[in-house]
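> Got a structure here, written out as structure tokens. Questions coming.
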Amino acid sequence: MSLYLESSKIIARVNYGGLRAAVYSDRSIKSKPEQLYALCVETLKHQEILNEVIEKSQILKVEKKLTHPLALVLLHDFLISKNGIAASDGPLKSSILRNRARLSAEFTRARLKRGFSTKAALLAKSQLPRFPRWVRINNLKANYDLLMNKGVFSEFTPINELSKLYPKRDCLPNKVYVDPYVDDLLAFAPSAPLLKHPLKKTGAIAFQDRASCVPAQLLDPPRDAYIIDATAAPGNKTTHLASLLGPDSKGKIFAFERDYRRAFTLKETVEAAGAENLVEIRPATDFLRSAPWNPSENELNRVTHILLDPSCSGSGIVEREEYRYVPVGEPGAKGTRNSDGASKGANTPPSAAEYEDAKSWRTGAAERDRIFALADFQVRIIEHAMRFPNATRITYSTCSIHAQENERVVMAALNTPVARNRGWVTEPRHLNRMKDWPRRGILEECNGNEQVADSCIRFNPWVDGGIGFFVAVFIRSEQERARLPEAPAIKWDLAEKARQERAATAEGSEEEEWEGIDDSDLPTEPSPRQLHPVPIRYYAIAPLEDTVEPEPLTPTPGRSELGTSPGSGYDPNFSKGPKIRRGGSKPKKKTQREKQREKQQAREKELALIRPMKMRERTVRRGPSGAEEEDDINGSWAEVFEDDLEYVSKRANSIVKRNASVGNLDRIKDVRIPPEDFDKRDFSRLQTGPSDD
Ligand SMILES: C[S@@+](CC[C@H](N)C(=O)[O-])C[C@H]1O[C@@H](n2cnc3c(N)ncnc32)[C@H](O)[C@@H]1O
């Protein structure tokens with residue numbers, strides 16, 4: 001398919017940003033993604049004037065084969081791009097060239113009408129960024145009083161309306177907006193001369209989007225708090241936390257960053273902000289492996305506040321250059337006006353209702369699968385943070401607009417055993433500093449739970465000045481914390497220690513851990529199942545050499561006994577087969593022979609399903625004492641519902657292979673599907689990871 005056909009399809013499909021993800025994640029695309037993305041962005045940027053040309057020239061009526069988005073991309077290249085329409089596109093090109101005189105004349109007329117005497121002038125204007133510039137004052141090097149009251153920003157006059165700073169006709173480059181929700185946060189018009197401001201060079205101010213400042217603000221740590229920023233690079237929120245602690249704080253921020261290279265960027269950001277004394281960077285360190293219950297980590301044990309801003313789809317990031325496609329026939333395409341007289345078109349914010357209807361965000365299948373995988377990880381990271389013995393406050397944020405990564409993750413996290421056992425809830429709206437903020441969580445995505453939906457905060461990029469964002473605050477009371485001061489069982493502790501020692505000697509597996517998720521591993525559609533209140537079987541994922549026959553495990557009451565130590569939970573009477581509990585009416589009496597045949601058939605079916613798990617090579621490692629250690633895989637287990645056995649065993653097998661291939665066996669502790677997802681028949685959040693307490 002040609003560049004033009006592909007780009008016309010993309011712009012028509014993607015609404016409200018997310019163009020980059022759509023282009024780069026669509027595997028069916030043949031054109032060069034960078035060329036495609038540039039064409040989409042530039043076309044949408046100029047769609048208002050191009051729409052006028054389309055309308056006045058009546059090209060869609062003359063050339064019946066042209067669709068509106070296709071006409072837009074072709075006209076962009078014909079009228080605006082300096083290279084013209086790509087030569088290879090014969091019929092498409094001809095459809096434009098046949099009408100060349102009329103199109104050029106209409107374009108010139110439209111350009112002059114807008115006051116641009118040349119095409120260059122039109123292009124220069126269109127390069128201006130679209131949103132206000134947000135500036136956060138860094139308390140480690142300056143303060144609000146100094147900048148706002150003592151004259152450093154004296155050329156800017158404070159205003160109360162953020163909308164005046166959008167680059168429209170009445171945009172005010174010499175005004176400043178003081179944000180009422182985040183301390184020390186200011187907004188300026190995009191054209192305000194701040195990029196090379198000396199304050200930026202000294203680190204006294206930082207450019208940070210408004211929504212991205214909310215997590216640290218809502219974490220609201222006391223001056224001497226011990227804090228974790230679990231996923232820290234490039235360090236915007238870490239340095240914001242440091243600024244909130246202030247220069248005299250005796251607190252500490254542990255900044256985890258799994259990616260080694262990104263940890264360097266984090267270090268630079270921390271140094272530029274003058275926050276070295278407050279921040280302890282943990283480079284190339286996976287937060288999911290942090291173990292505050294280890295005696296060697298007793299500083300982590302003091303952590304009370306945790307900021308989680310994990311990897312997400314980034315679907316809320318509306319690139320500064322991205323515009324929204326307005327199909328022909330919508331009011332915006334014809335240049336109609338809002339009631340306030342402003343032109344309603346590609347640069348017009350969607351209404352709040354339009355925006356909050358997250359289901360209207362259209363994504364391709366590959367992107368959807370990626371989002372499911374991300375959601376897995378996001379729940380795990382919250383769950384892990386909730387295990388910190390002294391934690392009382394956690395913020396969870398994403399720059400995603402997908403409920404799958406937002407409300408649904410919050411709901412899943414609240415439903416984990418660790419949240420329930422330790423008394424974690426979302427902070428009620430009335431207690432929240434942003435209780436007046438209008439955009440809250442999507443009720444139906446919170447299973448109709450108003451309290452949870454109300455406690456979530458959403459940002460609309462067009463209205464709120466920057467990116468689409470989501471924040472939720474989890475809290476638990478002091479009483480709850482006192483009730484459960486200790487973390488996991490001692491067995492976990494020892495297993496964790498052994499794992500950490502192995503991790504220290506393992507080579508280069510960390511960086512791949514998350515990014516390496518392969519789409520082919522992910523479910524494309526839910527598999528059917530009957531409802532079971534509890535898992536009915538556990539299966540070991542056994543290494544080939546050790547076991548001739550795979551060893552099913554019988555269910556044991558406590559999860560902590562499973563999966564953390566090699567071989568735990570094995571039923572010595574396995575040869576008799578695990579007992580299966582079934583609901584429903586009493587089965588008809590069967591003869592002994594029938595029973596035996598059925599048993600044999602069931603067994604063969606199971607073996608056929610489990611056998612692929614045995615394909616990986618056994619890896620033997622030396623433990624700290626030099627003794628040969630049992631490979632982690634021996635202790636791995638899958639919690640399998642009978643109806644889903646086939647699907648889960650395939651998935652477990654692929655996880656084993658993937659991890660084996662990157663030499664990282666430590667992650668494989670369990671494979672499980674949260675019970676609430678069984679109820680919804682949603683297999684999207686199949687999880688792997690350390691066993692829960
Ligand atoms: C969305 S970015 C964080 C942005 C950061 N909070 C900021 O405001 O500058 C997510 C980061 O988390 C890191 N990350 C992902 N998984 C991690 C894990 N398990 N442990 C530590 N860091 C992780 C990624 O490498 C990435 O740098």
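> Taking 24 Å as the cut-off for C-alpha to C-alpha distance, list the pairs among 201/267; 150/252; 196/250; 9/45; 175/237 that go past it.
Among 201/267; 150/252; 196/250; 9/45; 175/237, the Cα-Cα distance tops 24 Å for 150/252; 196/250; 175/237.
> Report the local net charge at residue 95: Lys and Arg +1, Asp and Glu -1, summed over other residues whose C-beta lies under 9 Å from its C-beta.
+2
> Calculate, axis by axis, the spread of Cα positions in segment 3-126 along the three principal axes, and write the results as whole Å, longest axis first.
40, 32, 24
> Where only protein heavy atoms count, and the probe is 1.4 Å, what is the accessible area per residue for segment 128-207 in Å²?
48
> How much of the DSSP bridge set in segment 128-207 is antiparallel, in percent, rounded to the nearest 5?
DSSP beta bridges in segment 128-207 are roughly 75 percent antiparallel.
> Give, in nm to one decimal, the length gained when the segment between residue 433 and residue 223 is fully stretched (0.36 nm per residue of separation minus the Cα-Cα distance).
Length difference between fully extended and current span is 73.9 nm.
> Once both labels are modelled 7 Å past Cα along the beta-carbon direction, what's the residue 592-residue 12 spacing in nm?
Here the modelled spin labels are 7.1 nm apart.
> Percent of accessible area on segment 128-207 owned by carbon and sulfur, 1.4 Å probe?
Answer for segment 128-207 is 54 percent, counting heavy atoms of protein chains only.
> Let me ask another. Evaluate the Kirkwood expression for the hydrodynamic radius of segment 152-271, namely the inverse of the mean inverse distance over all pairs of different C-alpha atoms, and round to one decimal in Å.
The Cα-based Kirkwood calculation yields 15.9 Å.
> Right, another one. Using mean Cβ contacts within 10 Å as the protection proxy, how do 193-200, 51-58 order, highest first? Numbers along the way, then the final one.
Values: 193-200: 12.8, 51-58: 19.1.
Per-residue Cβ counts within 10 Å, averaged per peptide and sorted highest first, yield 51-58, 193-200.
> If you don't mind, another one. Considering Cα pairs under 8 angstrom that are at least six residues apart, work out the relative contact order of segment 3-126 and quote it in whole percent.
For segment 3-126, the relative contact order is 26 percent.
> Send over the Kirkwood Rh of segment 128-207, from the inverse of the averaged 1/r over different Cα pairs, rounded to one decimal Å. Intermediate values should be presented prior to the final figure.
Details: mean 1/r = 0.0791 Å⁻¹.
One decimal place: 12.6 Å for the Kirkwood radius.
> For every other residue with a beta carbon closer than 13 angstrom to the beta carbon of residue 236, add +1 if it is Lys or Arg and -1 if Asp or Glu, then tell me the sum.
Result for the local shell: -1.
> Follow-up question, since we're still on this one. Considering only protein heavy atoms, what per residue accessible area in square angstrom results for segment 3-126 with a 1.4 angstrom probe?
48
> While we're on this one: Just add up the charged neighbours of residue 184: K/R +1, D/E -1, any other residue whose Cβ is under 11 Å from the Cβ of residue 184.
Result for the local shell: -2.
> So, R0 is 35 Å and r is the distance between the beta-carbons of residue 261 and residue 102; what FRET efficiency does that work out to, to 0.05? Write down the numbers at each step before the final one.
Working: r = 53 Å, r/R0 = 1.52.
My answer for the efficiency is 0.05.
> Let me ask something else about it. Sort 91-104, 440-453, 31-44, 66-79 by packing, meaning the average of other beta carbons within 10 Å per residue, with the highest value first.
So the order, starting with the most tightly packed, is 66-79, 31-44, 440-453, 91-104.
The values are calculated or read from the model by the stated rules, or taken from the named source; none is laboratory data. Keep in mind it's a predicted model, so treat the numbers as computed, not measured. Positions of Cβ are backbone-derived with ideal geometry, glycine not excepted, and every protein chain shown enters the neighbour counts. All accessible areas refer to the heavy atoms of the entire protein, side chains included, with ligands and DNA or RNA removed. Shrake-Rupley method; radii C 1.70, N 1.55, O 1.52, S 1.80 Å.
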